[in-house]
Amino acid sequence: VSTQSTGATRDTMDILPRELQQRAIAHLPLEKLVICSSVKSLRYTCHQVLSRLEQCDLSGRTTPFDQADAVGLLQRMPRVSQVEIDCRSLTRVHALLEALRGRVSRLTLRNWYRREPILTPDHEELNRRELEALSTLIATCEHVFLEGLGAMAQLALYMCWSKGGACSPFRLSSLELRDCSLPGALLLSKFTTLTRLSMLEGPPFGALETLCQMVPGLRELELFMVLVSDTAIGHCATLGSLEHLVLCDAPPLMEDPEAGGIGETGLTDLGLVTLSGIASLVLIKLYRMTGPFHLSDVGLLHLSGATQLETIVLSPCPKFGSQGGVTNLLSTLPKLSTLHLQGCTRIGDHLDLPPQGLPPLRVLNLSQAPNLGNQVLQEIGESLSGSLVELNLAQCKSVDSFGIKHLRRLQHLQVLVLNGCRVAGNGLAVLGGLRLRKLALRGCRKLQEGSVQGVLSSPLESLDLTGVGCVSDALLGQIATRLNGTLQVIKLRNCPLVTETGLEDLARMDRITVVDLVGCRLIRRSLTDFLGLNQFPQLAVAHLGPHQPHAAWLHETVVTPVMLGGRRRLNVYVNDIGVVPWL
C-alpha cells in the first residue's frame, strides 16, 4: 500500500493471526481507512494505526453491519476528522452520527433512503432521533456533502438553523447537495458562514438574487440545471469575493414571459462583460448551454479584463473564433492554464497565435470545431511547446495526418484526444517520441496497424481504440507486451477483428481495470473463463454486448465469489446498462 492509496480490509484479514495483522499493518504508511467487511479484527489488533488515522470511509460495502461496530471503531480513532458514510451499509445511524458530533470537520453522507427499512414499533422515534442527530452533526461540521437524502437534507438543514444556530455560531463553510430536495434560498441564506455552495439543481429564477444578497461571502458557486442568462450572471457578480463560478446544464429559455418563461434571451456578450468586472474570479465554467447563442468574440475581448482567470470553460460557443477573441484571451491573461472552447465552428485555418509570450497554458480543448485546420495545429505546436499537457481535438474533422506532425513539438503532452479526426495510414507514427499517458482515437477508422504501434513506446494508461478497424489480435499482443504495468483502461468497442486470442493476451496484463468489448462479435469465451483463472487481476468494470456469451451467462448463472476469482467488486454493463454490480 503506497502513501497515496487507501488501506482496505477484506474478509480474508479475519483469517490471519491478530499478531501478524498488527505487525503488518503497523508498517504501512496508511492515510485513509476504507471498511469493506468486518471491523472487529481491526478494533482489537490495529489500535496503534487507528490512533493516527484522520480519514475513515464506511462506504466500501453494501451488506449492512451493526452501527455498534462502527462506533467502536471510531472510538479508537481520536484524530479522525474526515468521514464518509454510505447509509446502505448501516441498519441504523443515529448512534454513529452522535459519536461523530464535535469530532468531524468534513462529512460525506450518501444513500439515506436506500437502507433496509426499519420495521420496529418505535420506527418513528428512531427516525426523529436520526434527523436530530444529523442536524446537530451538520451544525458542527465545516464541509458537508449530502447525496441521496431526498427531503431529509432539507429537514436537517432547517432543524440545524432553527435549533443549532441559535445556540452556537455555524461552522459550515462548504455545502454540496446531490439528489436531495433543495432548500430554498431563504433557508440557505441563514448559513452566512458559507463560502462554497454546490447544488445539482439550481434555485428557481429570482431566488438566486436573494441567495447572493444574503450570503455575500460565497467564493465558490456551482449550480447545475440552472437558467444561464445575463441576469443570473449579474446576480453572481454581486459576490465581491467570488473565485469559482460554475453554471451548467441550462434548459432553453422561453422568450415570451406570458408563456411561462422569464423574458430572458440567454447569455450574451453583456454577461461576459459583467464577469470581467469580478476582480477575484479564478475559474469560469458555463457549459451545456442550450438557450439562444448570443456569445461572440466581442464578449471574449472583454473577458480579458479578469486578469486573475486561470480556467475558462465555455460550451458550446459557435460564434467564437472569427474576430480574434481566442487569440486575445491567450495573449492578455497571464495566469490562464486551462481553456475549453467547444463547438467553435468559426475557427478556420488560423488563430494568429504569437510564437512567444503566451501564458503557460496546460489544457486546451477546441473540440467540435469542424473547420479548424492544420495551420492551427502548427501554431499550437510553436506557441505552446513548453507548457501544453492536454489537447482535445475531438470531432475536428478537418484535422488530418499532415497536421498531426506539428504536435510532436509538444514535449510535455500527456493527454491527446483525436476522436473523429481524419488521421489515416501511419499518421500517428510521428508522435512516437512523446510520453503520452492517455490517447483516444475513437472513430479514426482509416488508421493502419503500424500507426498504433508507433505510439506504444509511450507509458499509456488509457487507450481508446473504439471503431478503429485495424485492431487485431496481433496488435493486442504487442499492446499486452509493451504496455504491461502501465495500461489500465482499454476500449475495443466495435473492433470487428478482435477474437478471444487477443483477449487472452490482455487478460494477463497486471493493471487492467476497465475493458470495453461491445461489438466484438468474434469473442466466444465467457468472462468467467478468465476471472476463474485469476486473469484480469484488477478488473473493476466490463462493458459487454448483448450478442456475446457473457450476456447470456449473466442471466442464467448464480454469481459466487469463487467464480469471480475471489473478487468482491466488479461492475458489468451490457450495452452501457448496468446489470450486475458484484460486491
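Test Gly443 against the criterion of being under 26 Å from Gly325 (Cα atoms), of a type outside the set (Val, Ile, Thr) and either part of a loop (DSSP other than H, G, I, E, B) or out of contact with any Leu (no Cβ under 7 Å at 6 or more places or on another chain) (or both), and give yes or no.
no
For Arg422, all conditions in the list (1) open to solvent by 10 Å² or more (accessible area, probe 1.4 Å); (2) free of Cβ contacts under 8 Å to residues at least 40 places away in the same chain; (3) over 23 Å from Gln368 (Cα atoms) hold save one; what is the number of the exception?
Only one criterion is unmet by Arg422, namely (3).
When Arg219 is evaluated against the numbered criteria (1) over 30 Å from Thr274 (Cβ atoms); (2) modelled with pLDDT of 85 or more, which criterion, by number, is the only one it fails?
For Arg219, the exception is condition (1).
Could you tell me which numbered condition Thr345 fails, if it satisfies all but one of (1) modelled with pLDDT of 85 or more; (2) under 29 Å from the mean Cα position of the chain (by Cα)?
Going through (1) modelled with pLDDT of 85 or more; (2) under 29 Å from the mean Cα position of the chain (by Cα) one by one, Thr345 breaks only (1).
How many residues does the range 474-488 hold that are surrounded by fewer than 22 Cβ atoms within 10 Å (Cβ to Cβ), in contact with a Leu (Cβ under 7 Å, 6 or more places away or on another chain) and not in a loop (DSSP other than H, G, I, E, B)?
Selection size over the range 474-488: 3.
Looking at (1) buried (at least 18 other Cβ atoms within 10 Å of the Cβ); (2) in a helix (DSSP H, G or I); (3) out of contact with any Leu (no Cβ under 8 Å at 6 or more places or on another chain), can you tell me which one Gly450 breaks?
(1)
Is it fair to say Arg445 is under 22 Å from the mean Cα position of the chain (by Cα) and either open to solvent by 60 Å² or more (accessible area, probe 1.4 Å) or of a type in the set (Ser, Thr, Tyr) (or both)?
no
List the pairs whose first member sits in the range 496-516 and is touching a residue at least 12 places away in the same chain (Cβ under 8 Å) and among the basic types (Lys, Arg), whose second member is buried (at least 17 other Cβ atoms within 10 Å of the Cβ) and not in a helix (DSSP H, G or I), and whose Cβ atoms are under 6 Å apart, counting only residues at least 6 apart or on separate chains?
Pairs that qualify, where the first residue is touching a residue at least 12 places away in the same chain (Cβ under 8 Å) and among the basic types (Lys, Arg) and the partner is buried (at least 17 other Cβ atoms within 10 Å of the Cβ) and not in a helix (DSSP H, G or I), are Arg511/Gln488.
Starting from the range 364-376, take each residue that is closer than 16 Å to Thr327 by Cα and open to solvent by 40 Å² or more (accessible area, probe 1.4 Å) and list its partners that are part of a loop (DSSP other than H, G, I, E, B) and not small (Gly, Ala, Ser), counting only C-beta distances under 6 angstrom and pairs at least six apart or across chains.
The qualifying pairs are Gln375/Asp349; Gln375/His350.
Can you tell me how many residues in the range 68-113 are part of a strand (DSSP E or B), closer than 18 Å to Glu176 by Cα and of a type in the set (A, V, I, L, M)? Let's see the steps before the verdict.
Residues of the range 68-113 that are part of a strand (DSSP E or B), as a first pass: 82-86, 90, 106-110.
The next check asks that each one be closer than 18 Å to Glu176 by Cα; those that pass are 82-86, 106-110.
Restricting the remaining residues to those that are of a type in the set (A, V, I, L, M) gives 83, 85, 107, 109.
The qualifying residues number 4.
Open to solvent by less than 10 Å² (accessible area, probe 1.4 Å) and more than 19 Å from Lys397 (Cα to Cα): is that true of Ser458 in this structure?
yes
Could you run through the range 388-435 and say how many residues are more than 29 Å from the chain's Cα centre (by Cα), in a strand (DSSP E or B) and within 20 Å of Leu456 (Cβ to Cβ)?
1
Mind checking which pairs have a first residue in the range 431-452 that is hydroxyl-bearing (Ser, Thr, Tyr) and a second that is surrounded by fewer than 17 Cβ atoms within 10 Å (Cβ to Cβ), Cβ under 6 Å, 6 or more apart or different chains?
Ser451/Asn426
I need the full set of residues from the range 277-304 which are more than 15 Å from Phe320 (Cα to Cα) and either loosely packed, with under 15 Cβ neighbours inside 10 Å or at pLDDT 85 or above (or both), in order please.
Gly277, Ile278, Ala279, Ser280, Leu281, Val282, Leu283, Ile284, Lys285, Thr290
Can you name the residue in the range 130-144 that is of a type in the set (Ser, Thr, Tyr) and over 13 Å from Ala95 (Cα atoms) and is also least open to solvent (accessible area, probe 1.4 Å) among such residues?
Ser135
Any residue that is open to solvent by less than 10 Å² (accessible area, probe 1.4 Å) and either modelled with pLDDT under 80 or not hydrophobic (A, V, I, L, M, F, W, C) (or both) - is there at least one of those in the range 55-69?
Checking the range 55-69: at least one residue is open to solvent by less than 10 Å² (accessible area, probe 1.4 Å) and either modelled with pLDDT under 80 or not hydrophobic (A, V, I, L, M, F, W, C) (or both).
So Ser41 ticks every box in (1) modelled with pLDDT of 70 or more; (2) part of a helix (DSSP H, G or I); (3) polar (S, T, N, Q) but one. Which box is left unticked?
Single failed check for Ser41: (1).
Considering only the range 501-518, state which residues are within 19 Å of Tyr573 (Cα to Cα) and surrounded by fewer than 19 Cβ atoms within 10 Å (Cβ to Cβ).
Residues satisfying the conditions are Thr513, Val514.
The values are calculated or read from the model by the stated rules, or taken from the named source; none is laboratory data. Quick caveat: nothing in here was measured; it's all calculated off a predicted structure. Cβ coordinates were reconstructed from backbone atoms using ideal geometry, including for glycine residues, and neighbour counts include every protein chain displayed. Surface areas here come from the heavy atoms of the whole protein model, side chains and all, with no ligands, DNA or RNA. Shrake-Rupley method; radii C 1.70, N 1.55, O 1.52, S 1.80 Å.
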